[in-house]
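A.B. asks: Just dropping this structure here.
The values are calculated or read from the model by the stated rules, or taken from the named source; none is laboratory data. None of the values given here were measured: they were computed from a predicted structure. All Cβ positions, glycine included, derive from the backbone under ideal geometry; neighbour counts span all protein chains shown. Note: areas computed on protein heavy atoms with side chains; ligands, DNA, RNA excluded. Shrake-Rupley method; radii C 1.70, N 1.55, O 1.52, S 1.80 Å.
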Amino acid sequence: MTAAQGRDAERDAILAALTPVVDGIAATFGPVCEVVLHDYRRPEESVVAVAGTVTGRTVGGAMSEIGMRVLARGDEAADELNYLTRTGDGTLVKSSTMVLRDSTGAVFGALCVNVDVTAVGQAHTLLGALAGLTGGTAEPPTTTFGDDIDSVVEAIVDAHRARQPRGWAQLDRAERLRLFRDLDARGVFAVRRAIEQVAARLGISRASAYSYLSQARTTADPTPDGGTP
């Protein structure tokens, strides 16, 4: 057995050991809880086990944009615990993403817990109004969850386009490179066919998309925080 085969066997064993844990956690917290086990070696079909229906995931489905962000960070990725997000249908979700590592410390998957806290959020808003508390909290970002990796990639690209004050044709070179740099940091280009999808979404050729990605990876962002100068 080669070293690579040994690592894969170890990772398979870890995933197999965690599979019953998925059902156990979901059963403990009931219908408001969903637990998803991911194998990042297969981004397009990373879901290897799931219990619960908060985000509608199914076995064989793709990772979300959260998983893509973790994948982009590689072995530097850390657990993300108790963060709030919102699904496309408006469900408020409290989530935790716990990365899985093999014996070498390499990240290869994640165990994710999603809890539907929509009712809790509504009660909080009502109690705050009754108490006369007018200070609001930041709106959680909307996250695309889906079994189709193409829809996740398209949602991320469209969200970036929506934040741009101008269309692609009006962006200067630095802004275009910043867009590709941001998409790359979010793990978009770790997915097969993503470069073609991004090119089609932006209305540019595949060759141009490859060129911008290459430049984005080799050219430093002139703005320290990555924002608008």
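A.B. asks: Please specify each residue of the range 22-51 satisfying the condition of being open to solvent by less than 40 Å² (accessible area, probe 1.4 Å) and aromatic (Phe, Trp, Tyr).
C.D. replies: The one that is open to solvent by less than 40 Å² (accessible area, probe 1.4 Å) and aromatic (Phe, Trp, Tyr): Tyr40.
A.B. asks: Only one of Glu44, Glu34 is acidic (Asp, Glu), within 17 Å of Asp150 (Cα to Cα) and in contact with a Lys or Arg (Cβ under 9 Å, 6 or more places away or on another chain). Can you tell me which?
C.D. replies: Details: Glu34 fails: within 17 Å of Asp150 (Cα to Cα).
Being acidic (Asp, Glu), within 17 Å of Asp150 (Cα to Cα) and in contact with a Lys or Arg (Cβ under 9 Å, 6 or more places away or on another chain) holds for just one of Glu44, Glu34, which is Glu44.
A.B. asks: Do we have Met63 as touching a helix residue (DSSP H, G or I) at 6+ places or on another chain (Cβ under 8 Å) and assigned to a helix (DSSP H, G or I) here?
C.D. replies: Numbers: touching a helix residue (DSSP H, G or I) at 6+ places or on another chain (Cβ under 8 Å): yes; assigned to a helix (DSSP H, G or I): no.
Judged against the criteria, Met63 is not a match.
A.B. asks: Counting just the residues of the range 179-217 that are modelled with pLDDT of 85 or more, in a loop (DSSP other than H, G, I, E, B) and surrounded by fewer than 13 Cβ atoms within 10 Å (Cβ to Cβ), which one comes out nearest to the chain's Cα centre (by Cα)?
C.D. replies: If we take residues in the range 179-217 being modelled with pLDDT of 85 or more, in a loop (DSSP other than H, G, I, E, B) and surrounded by fewer than 13 Cβ atoms within 10 Å (Cβ to Cβ), then Gly203 is nearest to the chain's Cα centre (by Cα).
A.B. asks: Looking at Asn114 and the list (1) in a loop (DSSP other than H, G, I, E, B); (2) farther than 18 Å from Val191 by Cα; (3) not hydrophobic (A, V, I, L, M, F, W, C), which single condition is not satisfied?
C.D. replies: Only one criterion is unmet by Asn114, namely (1).
A.B. asks: Follow-up. Scan the range 103-119 and tell me whether some residue there is modelled with pLDDT under 90, open to solvent by 50 Å² or more (accessible area, probe 1.4 Å) and over 17 Å from Glu65 (Cβ atoms).
C.D. replies: Scanning the range 103-119 turns up at least one residue that is modelled with pLDDT under 90, open to solvent by 50 Å² or more (accessible area, probe 1.4 Å) and over 17 Å from Glu65 (Cβ atoms).
A.B. asks: Would the range 32-47 turn up any residue that is more than 25 Å from Val188 (Cβ to Cβ), in a loop (DSSP other than H, G, I, E, B) and in contact (Cβ under 8 Å) with a residue 60 or more places away in the chain? Outline the logic, then answer.
C.D. replies: Let us first name the residues in the range 32-47 that are more than 25 Å from Val188 (Cβ to Cβ), namely 32-33, 35.
If we keep only those that are in a loop (DSSP other than H, G, I, E, B) as well, we get none.
Scanning the range 32-47, I find no residue that is more than 25 Å from Val188 (Cβ to Cβ), in a loop (DSSP other than H, G, I, E, B) and in contact (Cβ under 8 Å) with a residue 60 or more places away in the chain, so the answer is no.
A.B. asks: Regarding Gly128, is this residue at pLDDT below 75, small (Gly, Ala, Ser), open to solvent by 70 Å² or more (accessible area, probe 1.4 Å) and within 30 Å of Cys33 (Cβ to Cβ)?
C.D. replies: no
A.B. asks: Among the listed residues Arg7, Arg69, which satisfies the condition of being open to solvent by 50 Å² or more (accessible area, probe 1.4 Å), closer than 25 Å to Asp182 by Cβ and outside any strand (DSSP E or B)? Even if it seems obvious, please write down each step before you answer.
C.D. replies: On the way: Arg7 fails: closer than 25 Å to Asp182 by Cβ.
Of Arg7, Arg69, the one residue that is open to solvent by 50 Å² or more (accessible area, probe 1.4 Å), closer than 25 Å to Asp182 by Cβ and outside any strand (DSSP E or B) is Arg69.
A.B. asks: Please verify whether Val54 is open to solvent by less than 30 Å² (accessible area, probe 1.4 Å), β-branched (Val, Ile, Thr) and either assigned to a loop (DSSP other than H, G, I, E, B) or free of Cβ contacts under 8 Å to residues at least 60 places away in the same chain (or both), treating the condition exactly as stated. Explain how you work it out, then say what you get.
C.D. replies: Values: open to solvent by less than 30 Å² (accessible area, probe 1.4 Å): yes; β-branched (Val, Ile, Thr): yes; either assigned to a loop (DSSP other than H, G, I, E, B) or free of Cβ contacts under 8 Å to residues at least 60 places away in the same chain (or both): yes.
So Val54 passes the test.
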